[in-house]
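What follows is calculated from the coordinates using simple rules that are stated; it is not laboratory data. What you are looking at is a predicted structure, and each value in this text was computed from that prediction instead of being measured. So basically every Cβ, Gly included, is an ideal-geometry build from the backbone, and we count neighbours across all protein chains shown.
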Amino acid sequence: TCRGASPITSATGTYPLGYGVGCSAWDQNSCPAIAEAQGLSPGPWCCREWCYVDASCTNAYESSVNEGWFWTYEAAGCNDAAMPPVCPYAAAADPCECINAGSIMNSAMLAKFNTSYGSRCATWDMENCARDYTPDQVDSWCCDSWCYVNSTCSSSVNSYNPGMEDILFWSSKKCEQDIGLEMQCPYTPQCVG
C-alpha cells in the first residue's frame with residue numbers, strides 16, 4: 001500500500017507538491033528534467049504509476065532523490081494497465097529484434113516452411129539447407145542461429161528465398177551462436193589443395 005506521504009513539502013519546477021503520495025505517473029510531465037537530475041535517459045518508466053511505500057514492502061526500491069524513502073510500481077492500484085495507451089517516452093523499437101514474418105511469406109516459402117520459420121533465434125536451416133536452397137546459396141550460414149529482422153537493422157541480409165528479396169531480411173547478429181556447431185558445420189566450404 002502507498003505510504004500516503006511525500007518528502008516533497010513544496011512544489012518545485014521538477015517535483016510537484018505531493019510527489020509520490022499515491023499511485024500516479026508522477027514523472028510523466030517532467031520526465032526530461034527528472035531523468036537528467038538522476039543521470040538517466042527518459043523512457044517508458046516516465047509513464048508508469050508508482051508511489052512511496054514502507055521500506056519493508058516487497059519490490060520497494062530506495063529513492064535516488066530522497067534518501068530514506070522507498071517507492072514501488074506494485075502498490076495496490078498502481079499500473080492496473082501495463083502502460084498508458086500513449087507514452088511519449090516509449091523506447092524506440094529495436095530494428096534488429098526478431099519479428100514473425102509468417103504473414104508475408106509467399107506460397108513457395110509456405111510450401112517449405114511453417115509460419116513460425118525465422119520468428120526467433122534458432123538454427124532454422126541446419127537440417128535441410130541443401131534441400132531448401134540452391135547450391136550457390138548453401139554455406140556456413142546454414143548452421144547459424146538467426147531470425148527475421150526489420151530491413152533497417154544494420155546487420156540485415158536480404159532473404160535468399162525467390163520472390164522475397166527486398167521484402168524479408170534476416171540477421172544472426174543478435175542470436176547466440178554455437179561455436180562447436182559452427183566448427184562442425186557440414187555446409188562450410190572445404191579448402192582444396
Once every DSSP H run of n ≥ 4 in the chain is given -39500 (n - 2.57) and the sum is divided by its residues, what mean residue ellipticity at 222 nm do you get, rounded to the nearest 500 deg cm²/dmol?
-2500 deg cm²/dmol
Report, in debye and to the nearest 20, how large the dipole of the chain comes out about its Cα centre when Lys and Arg carry +1 and Asp and Glu carry -1 on their Cβ.
320 debye
Hey, got the dipole for segment 102-183? About the Cα centre, +1 on K and R Cβ, -1 on D and E Cβ, debye to the nearest 20?
280 debye
Can you find, among C142, P88, C121, the residue farthest towards the positive end of the dipole of segment 82-150? Put +1 on the C-beta of Lys and Arg, -1 on that of Asp and Glu.
P88
Extension gain from Q177 to D94, taking 0.36 nm per residue of separation minus the Cα-Cα distance
27.9 nm
Value of Rg to Rh for the chain (Rh from inverse mean 1/r over Cα pairs, i.e. Kirkwood)
1.21
What ratio of Cα Rg to 2.2 N^0.38 Å holds for segment 102-183?
1.03
Based on alpha-carbon atoms only, what is the radius of gyration of segment 1-91 relative to the globular estimate 2.2 N^0.38 Å?
1.01
